[in-house]
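The values are calculated or read from the model by the stated rules, or taken from the named source; none is laboratory data. All of these numbers come straight from a predicted model, not from anything done at the bench. Cβ coordinates were reconstructed from backbone atoms using ideal geometry, including for glycine residues, and neighbour counts include every protein chain displayed.
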Amino acid sequence: MDWVLSDTKQTAAQSTSPEALRARLAERYFADFSGAWLDFLNSLRWQRAATLSDAIDQLTLMADVRQSPLVALMNTLSVQGANRPDRGSHRRFAGQIGQAAVQP
C-alpha cells in the first residue's frame with residue numbers, strides 16, 4: 001500500500017482486497033494489543049514491605065496458587081493471548097510476554 005516508498009508494482013485491487021485489508025487490520029490490532037499488555041507488565045512494580053512480617057505476608061500471597069494476583073495475571077494473559085485468531089501472531093505475543101517477564 002506504500003506506493004511512495006515501494007519499488008514493487010501492485011495494483012490497487014491487490015493491496016485493497018477485503019482479505020488483505022482484514023489481515024493487515026488484524027495484524028495491526030494485535031500488535032497494538034500485545035504492546036498495551038507489554039506496557040502494562042513493564043509498569044508493574046513490587047511494593048516494598050515495611051517489616052519482615054509484611055514481606056513474608058507478600059511472598060506467601062504470591063506463592064498461593066489460589067489467591068496469588070500474579071497467577072491471576074498470568075492466567076489472564078494466557079486467555080487473552082489464546083483468543084487470537086492468527087496463531088503466528090499468538091506465538092510472537094507469547095514470546096514478547098516471556099521477554100517482558102525476563103527484563104528487569
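Some notes on this structure:
- Pairs, first of a type outside the set (Val, Ile, Thr) in region 37-58, second surrounded by 10 or more Cβ atoms within 10 Å (Cβ to Cβ) and not in a helix (DSSP H, G or I), C-beta under 7 Å, six or more apart: Ala55/Ala49; Gln58/Ala49
- For Ala49: the one exception among (1) out of contact with any helix residue (DSSP H, G or I) (no Cβ under 6 Å at 6 or more places or on another chain); (2) outside any helix (DSSP H, G or I); (3) modelled with pLDDT of 85 or more: (1)
- Within region 5-29, if we keep just the residues that are loosely packed, with under 10 Cβ neighbours inside 10 Å and of a type in the set (S, T, N, Q), the residue that is modelled with the lowest pLDDT turns out to be Thr11.
- If only residues of region 66-87 that are touching a Phe, Trp or Tyr at 6+ places or on another chain (Cβ under 8 Å) and modelled with pLDDT under 75 are counted, the one that is farthest from Asp32 (Cα to Cα) is Asp86.
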